[in-house]
Amino acid sequence: MRLLVTGGSGFIGSAFIRLTIKSEPGTEVLNFDSLTYAGNLENLTDVAENSRYHFVKGNVVDPQAVDRTIVEWQPDAIVHFAAESHVDRSIISPQPAVETNFNGTFQLLEAVRKHKISRYLQISTDEVYGSINEPAEADETYPLRPSSAYSASKAAADLLALAYFKTYKLDVIVTRASNNYGPYQFPEKLIPLMISNAIEDQPLPVYGDGTQVRDWLWVDDHCRAIQAVLKKGRSGEIYNIGGSLALPNIDVVEKILTAVGKPNTLIKKVEDRPGHDQRYAITSDKVMTEMGWTPQVEFEQGLMKAVEWYRKNTDWIERVRSGEYRDYYEKNYAHRGTNLAQL
């Protein structure tokens, strides 16, 4: 199989590529990424020299770049991770989220239609369901009630993808995952931010009273589910992928401080963000039943693994914060060009 993975240099995309190269010896992967602030090719140094891994710098909103890459690569399937995924950034400036998440999806779907790509997998988020009152959990038929430009743009992209399935009979599948965590996550998200700040004895900023509830999913567990859906998922279907562990943010932060061995006095309550959803909750019964998938890494175990990784990779954190990580592209890829024939 030849996969085209968009946004493969990001946190979840790079984890998916590393797992695929390691676990599926018959699969070749092309990473198509524009290398925005969260796209870090250092995340893929473990596979960079593997003959089954390739990289092309390109943006999903550029139809010529998308078309050219598909023509040259001839993928059997597209796994679409590329997105502006940070809610706070979308609140400050909604345009990048709408442009990348919706228009980027449109350009890919048009290319899939034009070139008759066998399978298209849209990677989405549980945030499209909005805040859910306890004790309800959203299944795949739950109403969409997004609260931010980010989640609204993802919901719109999901609906567009499903419309292409219905109207054009494309082989489209949507997955919606809960909050991921693990190695190589950009340190603006809750867990890596709190771990890195705690390591450095810096304040840990917590929105409002910290009672917002999120479900946590180890990133490799998510990627195993994506692999299963890619192989066995039914066209036109949506699959929720959750970690089956919902916790208030303040509990997560306190667990991090305990794991790092730092006092709770580092917690600093800050003004809540606009439109902050109180509770996310999804059921993964469908993917568990149809794919036989279950999350393997319990949260306490995963959190310790994450803390250990960030402790051992403080230099990576520093390069990401400073922007120095972007030099990696110039040093390791710029001379290769973007033509697949040169790779």
Check your understanding: Taking only C-alpha pairs under 8 Å that are 6+ residues apart, what is the relative contact order of the chain in percent?
Key -> 18 percent
**Study point:** Simple spin-label estimate for THR258 and THR314 in nanometres, 7 Å along Cα-Cβ
**Key:** 2.4 nm
Exercise for review: Taking the Cα centre of the chain as origin, sum charge times position over the Cβ atoms of Lys and Arg (+1) and Asp and Glu (-1), and report the length of that vector in debye to the nearest 20.
Suggested key: 780 debye
Check your understanding: Under a point spin-label approximation (7 Å from Cα along Cα-to-Cβ), what is the GLN202-GLN278 distance to one decimal in nm?
Key -> 3.2 nm
Point to revise | J(HN,Hα) series, the range 223-232, from Karplus relation 6.51 cos²θ - 1.76 cosθ + 1.60, nearest Hz, glycine and proline x | key: 5, 5, 5, 4, 4, 5, 5, 4, 7, 10
Check your understanding: Within the set LYS57/LYS268; LYS286/LYS312; LYS269/LYS305, which residue pairs have Cα atoms separated by over 31 Å?
Key -> LYS57/LYS268; LYS286/LYS312
Revision key, fill the gap. With 0.36 nm assigned to each residue of separation and the Cα-Cα distance removed, GLN296 to GLU49 gains 86.0 nm
Study note, to complete from the structure: With the 8 Å Cα cutoff and a minimum separation of six or more residues, the range 94-154 has a relative contact order in percent of 48 percent
Revision key, fill the gap. Taking every DSSP bridge whose two residues both lie in the range 134-268, the antiparallel percent to the nearest 5 is 25 percent
Point to revise | Neighbour-count order for LEU159, LEU19, fewest beta carbons within 10 angstrom listed first | key: LEU159, LEU19
Practice item. Could you check what % of the DSSP bridge pairs in the chain are antiparallel, to the nearest 5? Key: 10 percent
Review point. Shape of the range 39-198 from its Cα gyration tensor (a ≥ b ≥ c, root eigenvalues): rounded if a/c is under 1.5, otherwise prolate when a/b > b/c, or oblate?
Key: oblate
Check your understanding: For the residue pair SER235 and ARG2, what label-to-label distance in nm results when each label sits 7 Å from Cα along the Cα-to-beta-carbon direction?
Key -> 2.1 nm
Exercise for review: Could you tell me the distance between the Cα centroids of the range 50-75 and the range 283-314, to the nearest Å?
Suggested key: 30 Å
Point to revise | Per-peptide average of other Cβ atoms within 10 Å, ordering 30-40, 272-282 highest first | key: 30-40, 272-282
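The numbers here are math on the coordinates, done by the rules we state, and not lab data. A quick note: this is a predicted structure, and the numbers were derived from the prediction, not measured. Positions of Cβ are backbone-derived with ideal geometry, glycine not excepted, and every protein chain shown enters the neighbour counts.
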